[in-house]
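The values are calculated or read from the model by the stated rules, or taken from the named source; none is laboratory data. Bear in mind that the values here come from a model prediction, so they are computed numbers and not experimental data. FYI the Cβ positions are ideal-geometry reconstructions off the backbone, even for glycines, and counts take in every protein chain you see. We work out accessible area using only protein heavy atoms, side chains counted, and drop any ligands, DNA or RNA first. Shrake-Rupley method; radii C 1.70, N 1.55, O 1.52, S 1.80 Å.
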Amino acid sequence: MLEPTIPALKEWASAIKALETGRQIMVMRKGGIVEETRHFELKSPAFYLYPTYEHQRKELIKSSDQSYVEESLAEWVPEASTIRITAYAEVTQDLEIRDQEMLDRLLDFHMWTADFAEDRLKWKRKDPLHVLILRVYLLKEPMEIPVLPEYNGCRSWISIPNGPVPREMTPVVDVADFDERVQKINEMLKL
């Protein structure tokens with residue numbers, strides 16, 4: 001009998017740390033190089049956050065947020081046979097950003113430098129940059145899962161073992177604060 005699986009979004013470990021502390025409530029996606037469809041698709045409205053380490057670099061992060069990169073890299077063991085999952089997320093909005101002016105309005109809401117965000121927007125120019133607004137939860141008991149070969153590569157989505165469900169979780173940001181932040185983001189984008 002196959003073990004049940006659940007989707008996980010691969011994201012920089014430093015970005016996951018920023019989400020877990022409430023520093024930000026968004027991630028930006030264009031899709032990985034080996035995406036099945038060659039562009040990003042929201043495959044699930046809820047998922048675990050699977051930390052990645054290889055591409056994150058301090059110079060791509062605002063100086064005020066570079067500690068997230070340092071902290072995540074200090075924990076990283078490249079040859080580890082397991083990885084720790086500590087957070088779960090629900091997408092409340094999938095915003096499609098198509099121009100630099102819209103992207104610039106979001107600068108205060110995330111950890112990435114303006115140059116890095118601009119590079120993400122310009123890559124695969126015909127595709128929008130997806131800004132996912134996430135309601136993030138910390139798992140009461142983090143999961144240790146094996147690092148499998150199919151998790152490697154530049155792809156956004158993987159399927160990981162679900163284990164016992166439901167897992168106890170605590171929201172990172174309370175409802176009122178989250179709603180206020182979402183409202184500010186929508187006002188900045190004039191949505």
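Restricting to region 85-108, name every residue that is open to solvent by 80 Å² or more (accessible area, probe 1.4 Å) and over 21 Å from ARG135 (Cβ atoms).
Residues satisfying the conditions are ARG98, GLU101, ASP104.
Consider VAL182 carefully, then state whether it is under 15 Å from the mean Cα position of the chain (by Cα) and surrounded by 12 or more Cβ atoms within 10 Å (Cβ to Cβ).
For VAL182, the condition - under 15 Å from the mean Cα position of the chain (by Cα) and surrounded by 12 or more Cβ atoms within 10 Å (Cβ to Cβ) - is not met.
Given the options GLU96, GLU59, name the one that is outside any loop (DSSP other than H, G, I, E, B), farther than 20 Å from LEU9 by Cβ and in contact (Cβ under 8 Å) with a residue 24 or more places away in the chain.
Among GLU96, GLU59, only GLU59 is outside any loop (DSSP other than H, G, I, E, B), farther than 20 Å from LEU9 by Cβ and in contact (Cβ under 8 Å) with a residue 24 or more places away in the chain.
Hey, VAL165 hits all of (1) at pLDDT 90 or above; (2) out of contact with any Ser or Thr (no Cβ under 6 Å at 6 or more places or on another chain); (3) not polar (S, T, N, Q) but one; which does it fall short on?
All conditions pass for VAL165, except number (1).
Pairs under 6 Å by beta carbon, first residue closer than 30 Å to VAL182 by Cα and in contact (Cβ under 8 Å) with a residue 12 or more places away in the chain in region 74-93, partner of a type in the set (Lys, Arg) and surrounded by 14 or more Cβ atoms within 10 Å (Cβ to Cβ), six or more apart or different chains?
Note: pairs meeting the criteria are GLU90/ARG135; THR92/ARG135.
Going residue by residue through region 142-153, is there one that turns out to be among the small types (Gly, Ala, Ser) and modelled with pLDDT of 85 or more?
The initial filter retains those residues of region 142-153 that are among the small types (Gly, Ala, Ser), namely 153.
Adding the requirement that they be modelled with pLDDT of 85 or more leaves none.
Scanning region 142-153, I find no residue that is among the small types (Gly, Ala, Ser) and modelled with pLDDT of 85 or more, so the answer is no.
Among the residues of region 109-159, write down those that are touching a Leu at 6+ places or on another chain (Cβ under 7 Å), open to solvent by less than 50 Å² (accessible area, probe 1.4 Å) and either part of a loop (DSSP other than H, G, I, E, B) or of a type in the set (Lys, Arg) (or both).
Correct list: THR113, SER156.
Count, please, the residues in region 30-52 that happen to be modelled with pLDDT of 90 or more and either open to solvent by less than 60 Å² (accessible area, probe 1.4 Å) or aliphatic (A, V, I, L, M) (or both).
Summing the residues that are modelled with pLDDT of 90 or more and either open to solvent by less than 60 Å² (accessible area, probe 1.4 Å) or aliphatic (A, V, I, L, M) (or both) in region 30-52 gives 7.
Using the structure shown, decide if GLU75 is among the acidic types (Asp, Glu) and either more than 16 Å from the chain's Cα centre (by Cα) or on the phi > 0 side of the Ramachandran plot (or both).
yes
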